[in-house]
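Derivation of every value follows stated rules applied to the coordinates shown; laboratory data play no part. Since this is a predicted model, take the numbers as computed values, not measurements. Neighbour counts run over all protein chains shown; Cβ positions are idealised from the backbone, glycine included.
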Amino acid sequence: MAKWSSTYFRFGTLLRGIGISFQCACNSYRAEGISCRHKFYSAEISALRSNKQLRNSSEIKSLVPYLDEGCLLRITGRLLEAELCFGEKHPIILPRRCKFAELLATREHERIGHCDASATLTQLRKKYWIPKGRQLVKTMIRICVICKKYNAEPADQLSGQLPRDRIS
Ligand SMILES: [Zn+2]
């Protein structure tokens, strides 16, 4: 995890160095996000394309996914009647073990001022649904340097022995 953290910071430094914003980087990562979904959910995508049932072992079967016009896996959901935008009703399904999902979780965590896992997950779920996303968000918060710094507990320090003239 420490290795990934250092990679992320190198990535951030590189972006600053060449003047690319995180948003631009995320846009370019979207292409990777799509290939991630194909890599992780290829069986589900091919089943949906041929109008077959998903395997019972599929981790996204309970989400009742469908493929939209852009070949993105989205949740059918139960909020069709709610007054929400399309993305909130039908969030895009992303695999947890994908660098794009990790970057998204980190960005949302930073965007809302380093709030806890629940708040980060709420923001993330406005557009994306990551199965077992809470674990991912917790992992990203655990390696967040700013959170580590502010949540660090003060070290215990043992008092030294008093000198003889202060005892009597
Ligand atoms: Zn943080």
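Looking only at segment 40-65, filter to residues that are in contact with a strand residue (DSSP E or B) (Cβ under 8 Å, 6 or more places away or on another chain) and loosely packed, with under 14 Cβ neighbours inside 10 Å; which one of those is nearest to Phe100 (Cα to Cα)? So the residue we want is Val64. Residue-level check: of (1) within 21 Å of Gln123 (Cβ to Cβ); (2) in contact (Cβ under 8 Å) with a residue 40 or more places away in the chain, Leu73 misses just (2).
Results for (1) charged (D, E, K, R); (2) surrounded by 10 or more Cβ atoms within 10 Å (Cβ to Cβ), shown as yes or no for each residue.
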position: Arg125; (1), (2): yes, yes
position: Pro131; (1), (2): no, yes
position: Ile143; (1), (2): no, yes
position: Ile146; (1), (2): no, yes
position: Ala155; (1), (2): no, no
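Being touching a residue at least 40 places away in the same chain (Cβ under 8 Å), of a type in the set (Ser, Thr, Tyr) and over 22 Å from Ser62 (Cα atoms) is true for just one of Thr120, Thr139. Which residue is that?
Working: Thr120 fails: touching a residue at least 40 places away in the same chain (Cβ under 8 Å).
From the options Thr120, Thr139, the qualifying one is Thr139.
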